[in-house]
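Where a number appears in this text, it was derived from the coordinates with a stated rule and is not lab data. These numbers were taken from a predicted model, which means no experiment stands behind them. Ideal geometry is used to build each Cβ from the backbone, glycine not excepted, and the neighbour counts take in all protein chains shown.
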Amino acid sequence: MSSGDHAEETVATDQRFGGEPRHGLDNWLQGPGNRWAFRHARELFWSERVRAVAPTPLPRADVQYTIDTTVADYLRRSHTDALVVLSDGELAAEWYLDGVRPDDRHMIFSCTKSVVGLVASVLVAEGTLDDKALITSYIPEAAQGGYVDATVRDLLDMTADIQWVEDYDGPQVRAFRIASGQLDSPDTPGIHRFTVSLSAAGEPGRRMRYVSPSSDLAGWVCERVSGESLAELIADRLWEPMGAEWEGDLLVDRFGASRASGGLCAAARDMARIGHLLLRDDLPGPLAEAVASVKQRGDARAWADGSLADFIPGARYRSFWYQLPTDPDVYLAAGIYGQRIYVDIPRRIVIAQQASLPDSFDEATWVETLPTFRRIAQTVADR
């Protein structure tokens, strides 16, 4: 064996502490090492801790759901790391891949947007934020870009209509990842400067165009009006009242700007608790009002004319939550690489999924996901 071969073997060994391959900033999104990276993001990026103010263990449901062979095969094909099922707020099922721990803080990617939607809705309920106001009334820095005529509600419902292609292998998303610190670069403008530099594609409020930087701008608005960081807002407005069992991490860029579009890292049980907020009837006033606002029906026409109309035909969208067309009162938060929060209001079931797909999106397992979750919800609710 040559010295070069020995060097390669040494590197491979060094990157497998605990038996898991570890990645750096140049390849952290690639499988199979992304399974480690998604659970150790705070070791790759700057982050702010989301405090667990009042940790409360989840009670176990009297009747437990047993994951059958069909579901187990789906979990394997979808590269699932963790699955948690709550029935009326009680733990009905919990599944972890070998080597994954219940307290692992897994990146939940764009499910972070749904958390920001709840935070913003709380601030509206408190009277701190006006979702009908122009963004520029809170962020004057946005006056020269494509968001100049958009309102806060346009941000929350993705109707700001910005020139953007949400292609995770495309040049815009790559530039966005560099700006947010997801890819190493000696020269980055940061999230804020990048976002306000984007151009408008059309008149805001008419169609839903999925633009991840819009949620970063929404997070910035929340911080500006409250005087608190987004991590502090999540801890105080959501983590404490939902009784989060573990602390979370919120990734930030090199300038300290919060990655509101996809930077929250949370344990699977706490991810499920986020969804359970939509079911609870014992929440404090502003949070109860926020949940009610999130559950208002989104604009069907804006969705039908928008960029994701083929992703979930007939759906609606409000406050960064998907409203499913085939199941009335079923809500979904979704992120790339297989992160989901599924909330079935009539059956009072929440399903949280954390995964590490080799690629950002897998059509084959996506088409299985909602039917699988629906069957789980029906089975658990019927027991």
*Restricting attention to the alpha-carbon atoms of the chain, what are Rg (one decimal) and Dmax (integer), both in Å?*
20.2, 69
*In terms of the Cα gyration tensor, with a ≥ b ≥ c the square roots of its eigenvalues, is region 291-383 rounded because a/c is under 1.5, prolate because a/b exceeds b/c, or oblate?*
oblate
*region 191-229: which trypsin sites (Lys or Arg not before Pro) are DSSP loop and have at most 15 other beta-carbon atoms within 10 angstrom?*
Arg206
*asked:* So for each of 142-148, 111-117, 61-67 I average, over its residues, the number of other beta carbons within 10 Å; can you give me the resulting order with the highest mean first?
replied: 111-117, 142-148, 61-67
_Per DSSP helix of 4 or more residues, -39500 (n - 2.57); summed, then divided by the residues of the chain. What does that give at 222 nm, rounded to the nearest 500?_
-9500 deg cm²/dmol
*Roughly how many Å is it from the Cα centre of region 193-263 to that of region 32-66, as a whole number?*
19 Å
*Neighbourhood net charge (14 Å Cβ-Cβ; Lys/Arg +1, Asp/Glu -1) for Thr70*: +1
